[in-house]
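**Student:** Can you keep this structure in mind? I'll have questions shortly.
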Amino acid sequence: MATRRTFTREFKLEAVQLLTGQGLSFAEAARRLGVSETLLRKWKHALDDGGAQAFPGHGNLPPLEAELHHLRAENKRLRVEHDILKKAAAYFAKESL
């Protein structure tokens with residue numbers, strides 16, 4: 001089984017720089033770097049779309065995704081607390097009868 005290669009943010013930025021700075025084609029740059037042309041195109045699009053936020057890496061989410069993850073976790077926690085309080089209120093209401 002082949003192991004999956006990982007690339008640093010710096011490597012990806014330099015790879016895209018070969019395209020833009022030196023004017024190499026995707027095929028030539030990919031051949032020089034030993035990566036697939038498709039992967040190089042994906043990095044170029046990510047940099048074009050994400051700018052400075054591209055390639056966060058190592059589990060670091062872009063700010064909007066990190067906030068969304070945090071808000072979803074908080075929402076889940078609040079729903080659980082709400083359900084517990086509802087059950088407790090129903091229990092004490094039944095006890096007082």
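**Student:** So in the range 9-41, with the set limited to residues that are modelled with pLDDT under 90 and of a type in the set (S, T, N, Q), which one is nearest to the chain's Cα centre (by Cα)?
**Tutor:** Filtering first and then ranking leaves Q17.
**Student:** So, one more: Please specify each residue of the range 15-35 satisfying the condition of being without any contact (Cβ under 8 Å) to a residue 24 or more places away in the chain, within 17 Å of R5 (Cβ to Cβ) and part of a helix (DSSP H, G or I).
**Tutor:** Listed by number, the residues that qualify are A29, A30, R31, R32, L33.
**Student:** Whether any residue in the range 64-79 is under 22 Å from the mean Cα position of the chain (by Cα), at pLDDT below 85 and surrounded by 10 or more Cβ atoms within 10 Å (Cβ to Cβ) is what I want to check. Walk me through how you get there before you give the answer.
**Tutor:** Filtering the range 64-79 down to residues under 22 Å from the mean Cα position of the chain (by Cα) leaves 64-76.
Pick out the ones that are also at pLDDT below 85 and you get 64-66.
Cutting the leftovers down to surrounded by 10 or more Cβ atoms within 10 Å (Cβ to Cβ) gives us 65-66.
Yes: one or more hits.
**Student:** State the number of residues belonging to the range 48-63 that are surrounded by 10 or more Cβ atoms within 10 Å (Cβ to Cβ), modelled with pLDDT under 70 and closer than 13 Å to L13 by Cα.
**Tutor:** Selection size over the range 48-63: 3.
The values are calculated or read from the model by the stated rules, or taken from the named source; none is laboratory data. Everything numeric here is computed off the predicted structure, so don't read it as measured data. Neighbour counts run over all protein chains shown; Cβ positions are idealised from the backbone, glycine included.
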